[in-house]
Amino acid sequence: MHLETLSLTGFRNYRSQEVSFAPGLNLLSGPNGHGKTNLLEAIHYVCLAHSQRTRKDKELIEWNGNAFVLRLLGRIGGLAHAQSVEYAETGAKRVKVNGRESKRLSDLIGHFEVVSFSPEDLDLIRSGPQLRRRFLDILLCQFSLDYLDTLRHYNQALKQRNSLLKQAGAGNDVLAAYDAPLVEAGARITLMRRRALADLAPLARDCYRSISDGGEDLELALSGCVSEAEEEPALREDFHRKLLALRGTEREAGLTLAGPHREDLAISFSGKAVRDFGSQGQKRSVALSLKLASARLLDARNRRPPILLLDDVFAELDETRRLRIGELIRGQGQVFIANPRAADLPFQAEKIITLRCGRVVV
């Protein structure tokens, strides 16, 4: 699986540009602020239907523009594959996958698996639980379209139920009708997250040991669950019981107060939260370890390595750590590294793409 060409029109600082890629390691070079990160963002968007930098799609449109278009060509299992997305500032969107048209951005997901890392991913450790839930959801959606559908159903049920809780006259019978789809989808999400973490945790621990000089054991767990039950029927029953117990409090708050949307990915060293006790270097190493472990898990589940997007991954690292990360990246399929200097790379790039002012310099 690899990307061959990407055309960008009206995206960030790219007015009109086509870029071709090598199937191995691609270095995006050039001065800061000239489009390296924007190109990684474009790849991420057309593969995963969202930006890793912003939740507002309008921000992706070129300055003074009113729309952007991304068209991607690549190969999956030796077969040609194409997908594209057109987005207008009005919110209108048009998606095509191998010529088949759709209005759902999520139809882009599940073809080219992608794992990205940037300095902003330190927020996975430093910030609140929302980003960590999102990290898990993006990972699971890439190896399970069933998870993607279940998550969509859960979010829809949650939105409807919250709307109902805000209505003073809504009776218990009406609420009960919304409890059922929430409980069914929620129990599945919790179990799928928990099982994915069981596979991800040892991979993340190994990656961290490879990167770090420390002897800390990295631990991952799902916290804030409505139940510790390991089987879906028991988890559904516990979830429903929890909703009934919270009925009065939820009416006062106007919000659903239990479920997967309240869970968190707990990240710790020997029971101590990395967020509270880890150094800046440890947090950066943990964030990178989570992403590299995700790539390994996707490789194991899908039997092909995902595409890696690495933005400034070697920043502030000494030569020893650069070499360690290089060993983890080497041979991982197609890799895109945005870095101002080729000399920082601990290996030879198959292709160097030099960017200036949103243009490829030949």
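The values are calculated or read from the model by the stated rules, or taken from the named source; none is laboratory data. Keep in mind it's a predicted model, so treat the numbers as computed, not measured. Quick reminder, even Gly has a Cβ in these numbers, built from the backbone with ideal geometry, and neighbours come from all protein chains shown.
For the range 317-328, indicate whether the set of residues that are part of a helix (DSSP H, G or I), over 18 Å from the mean Cα position of the chain (by Cα) and polar (S, T, N, Q) is non-empty.
yes
For residues that are polar (S, T, N, Q) and crowded, with 16+ Cβ neighbours inside 10 Å, tally how many sit in the range 294-329. It would help to see each step written out before you state the result.
Initial filter on the range 294-329 (polar (S, T, N, Q)): 294, 302, 320.
Still in the running and crowded, with 16+ Cβ neighbours inside 10 Å: 294.
Qualifying residue count for the region: 1.
Just to check your reading of the model, which residue among 79, 165, 136 is free of Cβ contacts under 8 Å to residues at least 40 places away in the same chain and farther than 26 Å from residue 358 by Cβ?
None of the others qualify; the one that does is 79.
Under 17 Å from residue 48 (Cβ atoms), in contact with a Cys (Cβ under 6 Å, 6 or more places away or on another chain) and either part of a helix (DSSP H, G or I) or of a type outside the set (Val, Ile, Thr) (or both) - does that describe any residue in the range 113-130?
No.
Quick check on the range 212-229. Is at least one of its residues surrounded by fewer than 17 Cβ atoms within 10 Å (Cβ to Cβ), assigned to a helix (DSSP H, G or I) and in contact (Cβ under 8 Å) with a residue 60 or more places away in the chain?
No, that holds for no residue.
Going through the range 348-362 one residue at a time, which ones are under 18 Å from residue 325 (Cβ atoms) and crowded, with 16+ Cβ neighbours inside 10 Å?
If the condition is that a residue be under 18 Å from residue 325 (Cβ atoms) and crowded, with 16+ Cβ neighbours inside 10 Å, then 349 is the only one that fits.
Taking the condition of being among the small types (Gly, Ala, Ser) and either assigned to a helix (DSSP H, G or I) or modelled with pLDDT of 95 or more (or both), how many residues in the range 94-112 meet it?
The total comes to 1.
How many residues does the range 74-93 hold that are modelled with pLDDT of 95 or more, surrounded by fewer than 17 Cβ atoms within 10 Å (Cβ to Cβ) and either closer than 17 Å to residue 9 by Cβ or hydroxyl-bearing (Ser, Thr, Tyr) (or both)?
The qualifying residues number 2.
Identify the residue in the range 330-347 that is assigned to a helix (DSSP H, G or I) and touching a residue at least 24 places away in the same chain (Cβ under 8 Å) and, among all such residues, is surrounded by the most Cβ atoms within 10 Å (Cβ to Cβ).
Here the answer is 344.
Would you mind stating whether residue 28 is at pLDDT 95 or above and either within 19 Å of residue 142 (Cα to Cα) or outside the structural domain of residue 83 (by TED's automatic domain parsing) (or both)?
Details: at pLDDT 95 or above: yes; either within 19 Å of residue 142 (Cα to Cα) or outside the structural domain of residue 83 (by TED's automatic domain parsing) (or both): no.
No; evaluated as a whole, the condition is false for this residue.
In this structure, does residue 302 turn out to be closer than 16 Å to residue 38 by Cα, at pLDDT below 95 and not aromatic (Phe, Trp, Tyr)?
Criteria not met by residue 302.
Taking the options 183, 274, name whichever one is assigned by TED's automatic domain parsing to the domain that holds residue 132, buried (at least 21 other Cβ atoms within 10 Å of the Cβ), among the aliphatic types (A, V, I, L, M) and over 22 Å from residue 116 (Cα atoms).
Being assigned by TED's automatic domain parsing to the domain that holds residue 132, buried (at least 21 other Cβ atoms within 10 Å of the Cβ), among the aliphatic types (A, V, I, L, M) and over 22 Å from residue 116 (Cα atoms) holds for just one of 183, 274, which is 183.
For the structure I just gave you, tell me whether residue 16 is at pLDDT 95 or above, surrounded by fewer than 17 Cβ atoms within 10 Å (Cβ to Cβ) and of a type in the set (Ser, Thr, Tyr).
Yes; evaluated as a whole, the condition is true for this residue.
A quick yes/no check of all residues on (1) among the small types (Gly, Ala, Ser); (2) closer than 19 Å to residue 199 by Cβ:
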{"site": "289", "(1), (2)": "yes, yes"}
{"site": "292", "(1), (2)": "no, yes"}
{"site": "295", "(1), (2)": "yes, yes"}
{"site": "303", "(1), (2)": "no, yes"}
{"site": "306", "(1), (2)": "no, yes"}
{"site": "321", "(1), (2)": "no, no"}
{"site": "328", "(1), (2)": "no, yes"}
{"site": "336", "(1), (2)": "no, no"}
{"site": "341", "(1), (2)": "no, no"}
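Tally time: how many residues in the range 267-305 are among the β-branched types (Val, Ile, Thr) and without any contact (Cβ under 8 Å) to a residue 12 or more places away in the chain?
0
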